1. Residue 102: at pLDDT 85 or above and either in a loop (DSSP other than H, G, I, E, B) or in contact with a Cys (Cβ under 7 Å, 6 or more places away or on another chain) (or both), yes or no?
2. Condition first: within 14 Å of the chain's Cα centre (by Cα), surrounded by fewer than 21 Cβ atoms within 10 Å (Cβ to Cβ) and part of a helix (DSSP H, G or I). Can you find one or more residues in segment 125-137 that meet it?
3. Regarding segment 65-80, can at least one residue be identified that is farther than 16 Å from residue 128 by Cα, β-branched (Val, Ile, Thr), at pLDDT 85 or above and surrounded by 15 or more Cβ atoms within 10 Å (Cβ to Cβ)?
4. Scan segment 19-47 for residues that are over 13 Å from residue 81 (Cα atoms), in contact (Cβ under 8 Å) with a residue 24 or more places away in the chain, among the aliphatic types (A, V, I, L, M) and surrounded by 15 or more Cβ atoms within 10 Å (Cβ to Cβ) and jot them down.
Amino acid sequence: MTDDRATSGRQIPGRDEAIATLFYACYPKLVRTGYSLAGDWEVAEELAQEAFVRLWHRWRWIRDPETAPAYLYRTVVNLGNSAIRRRALERRVASFRAEQPVGQDPVADMDLRLAIASLTPRKRACVVLRYLVGMTEVQTAQILGVSPGTVKSQTHKALRQLREHLAEPAAEAGQPPAETGQPAAEAGLIRAEERQR
């Protein structure tokens, strides 16, 4: 019987070099992905770091090193969703204790940030991975463990919701439309969508 602690990871040939290469290639993108999901740079860095720690511990079970980036993105998405749920719970508890609403996160003031945060976790992950990270539908499907058709439909529904959400604040404020006839945040989202095509 072998003890996992006795055969701790340092004895796996090539693991440290492979993960170091992945770190330099993927870490900034993983942090941006985490930020897009959680809305906090500090949390985003923690998510990316935790993804690499988990990869390091599970390296012996990765059959194809080419799948490691997908594993990292999936881990960041899952951890990001957990962080969002935890933060929402913390805010509800703090609000309940203080008997007054908790103040908004400064990042949440951005229209697009609010719009993305209002999406369901799967729709949010599809939009972040497709448009903010720049992955294909197939890559996004692999990371989320769903079919490419699900990614297409969830992304389509999410973009429709984002357009509706971004159009509301401008209409309520009576602001004149931007040059394109759309609020600036919505125009930015459409430009990102067009770049993906």
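The values are calculated or read from the model by the stated rules, or taken from the named source; none is laboratory data. These numbers were taken from a predicted model, which means no experiment stands behind them. With ideal geometry, Cβ positions are generated from the backbone for all residues, glycine too; neighbour counts draw on all protein chains shown.
1. Considered against the rule, which asks whether it is at pLDDT 85 or above and either in a loop (DSSP other than H, G, I, E, B) or in contact with a Cys (Cβ under 7 Å, 6 or more places away or on another chain) (or both), residue 102 comes out as no.
2. Yes, segment 125-137 has at least one match.
3. No: zero hits.
4. 19, 22, 30
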